[in-house]
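Okay, so here's the structure we're looking at.
The values are calculated or read from the model by the stated rules, or taken from the named source; none is laboratory data. Just so it is clear, the model here is predicted, and its values are computed rather than measured. Ideal geometry is used to build each Cβ from the backbone, glycine not excepted, and the neighbour counts take in all protein chains shown.
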Amino acid sequence: MPKVEYDPLPRAFYARDTVSVAKELLGKLLVRVIDEKIVLSGMIVETEAYTSDDPASHAFKGISKRNMVMFGDVGYAYVYFIYGNHYCFNAVAKDPSMSAGAVLVRALQPIDGIDFMQKVRVRGDDRITSGPGRLTRALFIGKEHNGIDLTVKGPLYIAYYANIDKEYIVATKRIGITKARDKPWRFIVKDNKYVSKR
DNA sequence: CTCTCGATGCACT
DNA sequence: GTGCATCGAGAGA
């Protein structure tokens, strides 16, 4: 097992309303372990909530082969391919009364394996993990991780890391969507330079 | 079957 | 600020 180890969040963490989970995932650590030895990780600094009754959500029009993970048990990864180029990483989270829900992770502050991440991206700078497409590339997250359990140590999981003070959590409108743009369901860590721009 | 377009990122003006 | 690469899912015929 790798030297660097963290405690995964329990499944119960994800079994609450999606918006609350999105907020509380700030400060947690997204951990990627490659070949059981290389550890890449980043502190979550930007998230967005997507629920089943939300027109902007993939789950809005019902279950399908693509979005079925969102309708399954909480604490699993929902990874999808978009714009012909990018993967986006979500954690399935919802209140037990809801049919589906997930939290999109939009930005990370790199913690472990920064050199490794930057080796691949020649133009390594602050933007290496800033943006949903960028962070999946930096952590080598792809469709093979769709449906993976995030509550156990493995190739991909989310762990306890830091507590973000309430004063440093800011809610804003979501980014890059055309429907339900008014909902304040994007959460960012105030003044963190890794939060994506726009 | 064909057509549209997206929870993006990057190059360019 | 604008344009676009690139492709799979979903919608419609």
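Would the range A:54-67 turn up any residue that is more than 16 Å from DNA strand C (Cβ to nearest atom), closer than 20 Å to A:T136 by Cβ and modelled with pLDDT of 95 or more?
No, the range A:54-67 contains no residue that is more than 16 Å from DNA strand C (Cβ to nearest atom), closer than 20 Å to A:T136 by Cβ and modelled with pLDDT of 95 or more.
Sort out which residues of the range A:138-155 are crowded, with 19+ Cβ neighbours inside 10 Å and more than 19 Å from A:E5 (Cβ to Cβ), and write them in order of number.
Those that are crowded, with 19+ Cβ neighbours inside 10 Å and more than 19 Å from A:E5 (Cβ to Cβ): A:A138, A:I141, A:H145, A:N146.
In the range A:92-129, what count of residues is obtained for those that are over 23 Å from A:L9 (Cβ atoms) and of a type in the set (S, T, N, Q)?
1
Scan the range A:7-53 for residues that are under 21 Å from A:L135 (Cβ atoms) and within 16 Å of DNA strand C (Cβ to nearest atom) and report the count.
Final tally of qualifying residues: 1.
Looking for something surrounded by 17 or more Cβ atoms within 10 Å (Cβ to Cβ), within 16 Å of DNA strand B (Cβ to nearest atom) and of a type in the set (S, T, N, Q) - is there at least one such residue anywhere in the range A:156-177?
no
So which residues in the range A:63-93 are on the phi > 0 side of the Ramachandran plot and in contact (Cβ under 8 Å) with a residue 60 or more places away in the chain?
Result: A:G75, single match.
Would you tally the residues in the range A:127-166 being β-branched (V, I, T) and touching a Phe, Trp or Tyr at 6+ places or on another chain (Cβ under 8 Å)?
So the count comes out to 5.
Scan the strands (runs of 3 or more DSSP E) fully inside the range A:104-198 and keep the ones with 2 or more residues being within 19 Å of A:Y50 (Cβ to Cβ) and among the aliphatic types (A, V, I, L, M).
Because the criterion is at least 2 residues that are within 19 Å of A:Y50 (Cβ to Cβ) and among the aliphatic types (A, V, I, L, M), the strands (runs of 3 or more DSSP E) in the range A:104-198 that meet it are A:169-172.
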